[in-house]
1. If R0 is 45 Å, what FRET efficiency do you get for D219 and R357 from their C-beta distance, rounded to 0.05?
2. I'd like the trypsin sites (Lys or Arg not before Pro) in the stretch 114-143 restricted to DSSP loop residues with at most 12 other Cβ atoms within 10 Å, sorted by number.
3. Report the gain in length on full extension from D78 to E384: 0.36 nm times residue separation, minus Cα-Cα distance, nm rounded to one decimal.
4. Most exposed first by the Cβ proxy, i.e. fewest other Cβ within 10 Å, how do S327, S77, S104 rank?
5. Compute the distance in nm between two label points, each set 7 Å from the Cα along the Cα-to-Cβ direction, one at D170 and one at E339.
Amino acid sequence: MTPPQFFLGRQPIVGRNGELVAYELLFRTGLDNAAVVTDDVSASAAVMQHAFTGLGLNAVLEDKLGFINLSETLLRSDAIEVLPRQRVVLEILETVELTPQVVSRCRALKIAGYRLALDDVIRFDEAQRAVLPLVEVVKLDVLGMQPAAIAALVKQLKPYKVKILAEKVDSPEQHEFCRELGCDLFQGYYFARPTILSGRPVQPSAALLLQLLAQVAADAETDEIEQTLKHAPDLTIHLLKLVNSVAFGLPHKISSVRTAIMLLGRAQLHRWVQIMVYARQSSTHSAGDPLVQTAAVRGRLMEQLAQMRRPGNEALADQAFMVGMLSLVDALFGQPMAEAIVPLNLEETVQEALLERRGELGLLLQLVESLEQSDVDEIALHLEQLGLPADPINRVQIDAMSWAARLGRDPELM
């Protein structure tokens, strides 16, 4: 029997200082617009077990928590006990009626060591009062509430010592308002759609800088240096700008990280890495920034999809990686895309993909963006346009997430 196919989405959950603390994991059982969790408990459990034990939870989450949506049927089933209690937060959907039986089940799960969250809360009522002592996180649907109602609800919840998560935050103003109210965690399009972020300083990873410095000093192979840079979208963008500044009047456009390394030369590369090490102003690990991770995942995923589409065409794979990585350059540096890529001297096909989503590379980027949003209709459309099979997409997506999650931490990836 063919195992159920599904698509995996991750939406970042961040703390008060913008640090990545968890992901909400979103599953699809196919290309039809089906619910993430159905009433068929055994099928849902099989999907989760396949994802967590077959594909590997560390590959998806690394050291972060994973929020998992639960319907009432699944909440009351023993099937959810396949989930590792130290790694997940069980998110009780707003459609679950908080009956005495459900509260009793929540108590048993808490005693067993599971963390619980209430999803899409927009009002405080007596049914919630009974379950709140068992809950660690309450997610507020701030998009569906007026500011005064949000403030009142936060005030009502504070005595229960729960972490308050502002969900569906879609603007910096909304984020700041909820932060000032005392919300602890945040989730929404403001974070999941990085193109609306503006002007945040992006610090290179200390581990990657030191790895790169050691490789250049040891005159490592270009392949090794290229792989290190591929784990650092921010560093690669700096490299592209440097290449264009020190090599005025380049005879051809840049289409890959390898090209940039070759054009710059080892001596200049060594100087540049040393300057980056000395100029680094904080110990913040940029790999933990959801924006940088998303850029790295996009690059790796587009590279793999290009290899699936045209096996053996390394030039296309290199271009695909660059398009995926640079697709968030506007958010990384707080500039419109058209302005941000001007100094990078990119090939026309790369520019068209980034600015207009045109061509083969543009279509691959559209597929990756659809996967991020779990838009199953768009996923199906782009897979058909590209002539790619649906079956391996979940595996490839999780591989890209795993690759990006180990930025600067796994020497075997370098």
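1. Values: r = 40 Å, r/R0 = 0.88.
E between D219 and R357, to the nearest 0.05, is 0.70.
2. Numbers: sites: R115, R123, R129, K139; in loops: R123.
Passing both the DSSP loop test and the Cβ count: R123.
3. Numbers: separation 306, 0.36 × 306 = 110.16 nm, distance 3.84 nm.
Answer, rounded to one decimal: 106.3 nm.
4. Working: S327 24, S77 16, S104 12.
Fewest-to-most ranking of S327, S77, S104: S104, S77, S327.
5. For D170 paired with E339, the spin-label model returns 2.5 nm.
Any read-out appearing in this document is the output of simple, stated calculations on the displayed coordinates, not a laboratory observation. Everything numeric here is computed off the predicted structure, so don't read it as measured data. Note that each Cβ is placed from the backbone with ideal geometry, even for glycine, and that neighbours are counted across all protein chains shown.
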